[in-house]
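The values are calculated or read from the model by the stated rules, or taken from the named source; none is laboratory data. On a predicted model such as this, the values are computed, not experimentally measured, just so you know. Ideal geometry is used to build each Cβ from the backbone, glycine not excepted, and the neighbour counts take in all protein chains shown. Surface accessibility is based on the protein's heavy atoms, side chains included, excluding ligands, DNA and RNA. Shrake-Rupley method; radii C 1.70, N 1.55, O 1.52, S 1.80 Å.
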Amino acid sequence: MKIARIETFLVAPRWLFCRVETDDGVVGWGEPVVEGRAEVVRTAVQVLGESLIGRDPLRIEDHWQVMAKGGFYRGGPVLSSALAGLDQALWDIAGKVFGAPVHVLLGGPVRDRARMYAWVGGDEPGELAEQISARVEAGFTAVKMNAGGRMAALGSAADVAQVVERVALARELLGAGRDVAVDFHGRVTAAGARRILPLIAEFQPMFAEEPVLPDRPQVLRDVVTCSSVPIATGERLYSRWDFRPVLEAGVAVVQPDLSHAGGISETRRIAALAEVWDAQLAPHCPLGPIALAASLQVAFATPNFLIQEHSIGIHYHQGDDLLDYLIDPEVFRFTDGHAARPLGAGLGVEVDEAAVRRADQAGHAWRNPVWRHADGGFAEW
């Protein structure tokens, strides 16, 4: 069995899918994308894929090593994301060849269901009460929201008051038996985070995500120790080497994205590394159905898994939903805020290839917003 063909598809609202086919007709799907740079990753997939054509798809680790290290210049979001999607597709093929879910090939399930959380509030949080109530009614036991929109670097008095007010409202609506996570999106400095985190600690967030930008691990320890709120980070880190300094800083939760951080293969290694520092895994996934399917396969085979993000109904995807690209959307029907263990071979989802090809004909050119402060200066989005 040899890899015969690799294709990519630009799929609205902001995704890129890849399809890897063998010479005997086995097809694996992956989701390699950098949101806002999908066209660039598409080219990177074509380049990395050159090393796969004509090769045995089941040599997944060897392929990972060559794609990750075969070029003199390595890493970064584009190459790591291209690698991630191809790695997902190879695992999908392997599962289909052996007639087993990927998590079985990874050592078998360590749990029977995986806890999920849902987004509320949008980029500049609003209508929180209605959205949180709707998520609770749908059975979710955890939600995540942005701490705020564009924020002053140090967190102004108004910024701080609004963050505290939002977290207090979420705790009131959720009660003690459910969780809220707060995403700072790197919108404040370390000093701003140290100002805010002690004030929201009384509401016991499940974690505070990306309180500082990911290229500043040297300031993270002070943020970790300023309050009792567990700190999470990792959606913009791409390898186990990137994660080591943040683990040494004391983060409680790592959040590699399976479409950015080298796919299933590397995320498994990141999770094992995190276990050494007593940290939990909560894969980042505001993406499409293939990325979510890959994330869940890892969740069911990883002892230190905490919770899984999903993007059904997220504010980025209005008008195009990840369920639109599946033959059977029931695979992502969540009960009591949990996903059931997937039983299908490979990634456990059947992609609607006709829908994907139609979507690619229209394509997309999604770009994230560029924000500015009131004085005209650049603001973190």
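Selection among L58, G28, V47 by position relative to the dipole of segment 7-63 gives V47 as farthest towards the positive end (Cβ unit charges, Cα centre).
Per residue, how large is the accessible surface of the chain? Use a 1.4 angstrom probe and give square angstrom. Numbers along the way, then the final one.
Values: 14990 Å² over 381 residues.
On a per-residue basis, the chain sits at 39 Å².
When you restrict to C-alpha pairs under 8 Å that are six or more residues apart and normalise by the size of segment 1-101, the relative contact order lands at 33 percent.
Lys and Arg at +1, Asp and Glu at -1: add these up for the other residues within a Cβ distance under 11 Å of H103 and post the number.
+3
The spread of Cα positions in segment 50-95, taken along each principal axis and listed from longest to shortest, comes to 30, 17, 15 Å.
For segment 277-366, what class follows from the C-alpha gyration tensor (a ≥ b ≥ c being the square roots of its eigenvalues): rounded when a/c is under 1.5, otherwise prolate if a/b is larger than b/c, else oblate?
On the way: a/c = 2.09, a/b = 1.61, b/c = 1.29.
Because a/c hits 1.5 or more and a/b exceeds b/c, segment 277-366 counts as prolate.
If the label point is 7 Å along Cα→Cβ of R55, which residues in segment 228-268 have backbone nitrogen under 18 Å from it? Only 262-267 fall inside the zone, counting backbone N under 18 Å. Here are labelled values, (1) 132; (2) 116; (3) 171, and one is the computed volume of the Cα convex hull per residue in Å³ for what I pasted. Which one? Step by step, volume of the Cα convex hull per residue in Å³ for this structure corresponds to label (1). Helices that extend 27 Å or more along their long axis by alpha-carbon positions and average at least 0.5 on the Kyte-Doolittle scale are, among the DSSP H runs of the chain, 76-98. If you average the sequence gap of Cα pairs under 8 Å that are 6 or more apart and divide by the length of segment 223-304, what percent do you get for the contact order? RCO, segment 223-304: 28 percent.
Other residues with beta-carbon under 12 Å from the beta-carbon of L347 carry, at +1 per Lys or Arg and -1 per Asp or Glu, a net charge of -3.
What lysines could a cross-link reach from K2, if we take a straight Cα to Cα line under 26 Å and drop same-chain neighbours fewer than 8 places away? Those lysines meeting the cut-off are K69, K96. With contacts taken as Cα pairs under 8 Å at a separation of at least 6 residues, segment 46-187 carries a relative contact order of 18 percent. Restricting to Cα atoms and excluding each atom paired with itself, what does the Kirkwood estimate give for segment 54-155 in Å? Value: 17.8 Å, from the Cα pair sum. Note on A168 and A272: their simple-model spin labels are 4.7 nm apart, each label 7 Å out from Cα toward Cβ. Computed extension length for R5-W366: 127.3 nm, one decimal, from 0.36 nm per residue of separation with the Cα-Cα distance subtracted.
Based on the alpha carbons, how large is the Rg to Rh ratio for segment 1-66 when Rh follows Kirkwood?
Numbers: Rg = 12.1 Å, Rh = 12.3 Å.
Rg/Rh for segment 1-66 comes to 0.99.
So what is the 222 nm mean residue ellipticity for the chain from helices alone, if each DSSP H run of at least 4 adds -39500 (n - 2.57) and you divide by all residues, rounding to the nearest 500 deg cm²/dmol? Write down the numbers at each step before the final one.
On the way: 12 runs with 138 residues, N = 381.
Roughly -11000 deg cm²/dmol at 222 nm, from the helical runs in the chain.
So what's the net charge close to A293: Lys and Arg +1, Asp and Glu -1, counting the other residues with Cβ under 11 Å from its Cβ?
Working: positive: none; negative: E31, D92, E350.
My count for the surroundings of A293 gives -3.
Peptides 83-91, 303-311, 280-288, 198-206 ordered by packing proxy, namely the average of other Cβ atoms within 10 Å per residue, highest first: 83-91, 280-288, 303-311, 198-206.
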